[in-house]
Amino acid sequence: NVGYVLIGVGALVFIVGLLGCCGSVRESRLLLGLYVFFIILVMGGELAVAMYTVVLGDEWDRSLPNTLKSRLSTYNYTVPQRFEYDLDIVQKQFSCCGIHGPSDFHDNTDYKIYGNRLPSSCCNILSNGICNESDSYRLGCFQIINDNIQLYSKLIVTVGVGIALLELTALIMAVCVCRNTTEEDEFY
C-alpha cells in the first residue's frame, strides 16, 4: 500500500535527519558517519530512479497504451472493478475517452451488448442517460496525460535538482564537521 510506504519513508527521513542533527550538535563521528552513509544511500537511490526513468521513458510511450487498450476490451459496464473505477475518474477529470479515443471501446463486449454505448464517464452530457459516441469526448486519455507529464516534467526535474543540491550541501557540511571533530569527542 502506498500509504505505508510513505509512512516508512517519512520515518526513515526523520531518523536520518535526527542522526545529522545529533551528530553535529554532539560532534560525534559515529552519528555523522551514519548520516553521511544514509545521505549517500538516498542520493544513489535517487540517481538510480532518475536513470531508470530516462532509460524506460520511451518504453512508457510504447507499451502502456497497448496494455491499457487490451484492458478496455474487458471493461465491465455492469460490475465495475478497480480498473473501471480508475479509468472513469481519469476520463471525467481530463475530459477524455478511451486510450486513443472513443473508438477504443469498439472491441469491448459490453459496448456491443448495450447497443454501442460508451461508459457514462466518456460524456459530459448524457442523452437519456446514455453516452453515445457522437456526444463523447473526442480525445484519448493517454495523450492528454502524456501532455500533462511533459508540461510538468521541467518543474519536476528542477525540484529534483534542487533537492539533490541540498543533499549534496548537507553531505559536504557533515563531512567537514566530521573531519574537524577531535578524537576525544568521537563517542558522545
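Relative to the dominant Cα principal axis of the chain, helix 29-72 is inclined by about 10°. By the rule of a second cysteine Cβ within less than 4.7 angstrom, the chain holds isolated cysteines at 21, 22, 176, 178. Computed from backbone phi, the HN-Hα couplings of region 106-113 come to 4, 8, 7, 4, 5, 4, 6, 4 Hz, rounded to whole numbers (Karplus: 6.51 cos²θ - 1.76 cosθ + 1.60, θ = phi - 60°; Gly and Pro given as x).
Rounded to the nearest 0.05, what FRET efficiency do residue 54 and residue 154 give with R0 = 25 Å and r taken as the Cβ-Cβ distance? Could you check?
On the way: r = 14 Å, r/R0 = 0.58.
Rounded to the nearest 0.05, the efficiency is 0.95.
Only helical runs count toward this figure. For the chain, summing -39,500 (n - 2.57) over DSSP H runs of n ≥ 4 and dividing by all residues gives -24000 deg cm²/dmol at 222 nm.
Farthest towards the positive end of the charge dipole of region 2-185, among the residues 151, 129, 77, is the Cα of 129, using unit charges on the Cβ of Lys, Arg, Asp and Glu.
Taking only the alpha-carbon positions of region 2-185 and ignoring solvent, what does the Debye formula give for the base-10 log of I(q)/I(0) at q = 0.09, 0.10, 0.17 Å⁻¹? Taken in order of the listed q values, log10 I(q)/I(0) reads -0.55, -0.62, -1.05. Here the contact order of the chain, divided by its residue count and restricted to Cα pairs under 8 Å and six or more residues apart, works out to 27 percent.
In debye, nearest 20, what is the charge dipole magnitude of region 43-188 about its Cα centre with +1 on Lys and Arg Cβ and -1 on Asp and Glu Cβ, if you could check?
On the way: 10 positive and 18 negative charges, 171 e Å.
Using only the charged Cβ atoms, the result is roughly 820 debye.
Every read-out reported here was derived from the displayed coordinates using simple, explicitly stated rules and does not represent laboratory data. Every value quoted in this text rests on a predicted model; they were computed, and no experiment measured them. All Cβ positions, even for glycine, are placed from backbone atoms using ideal geometry, and neighbour counts span all protein chains on display.
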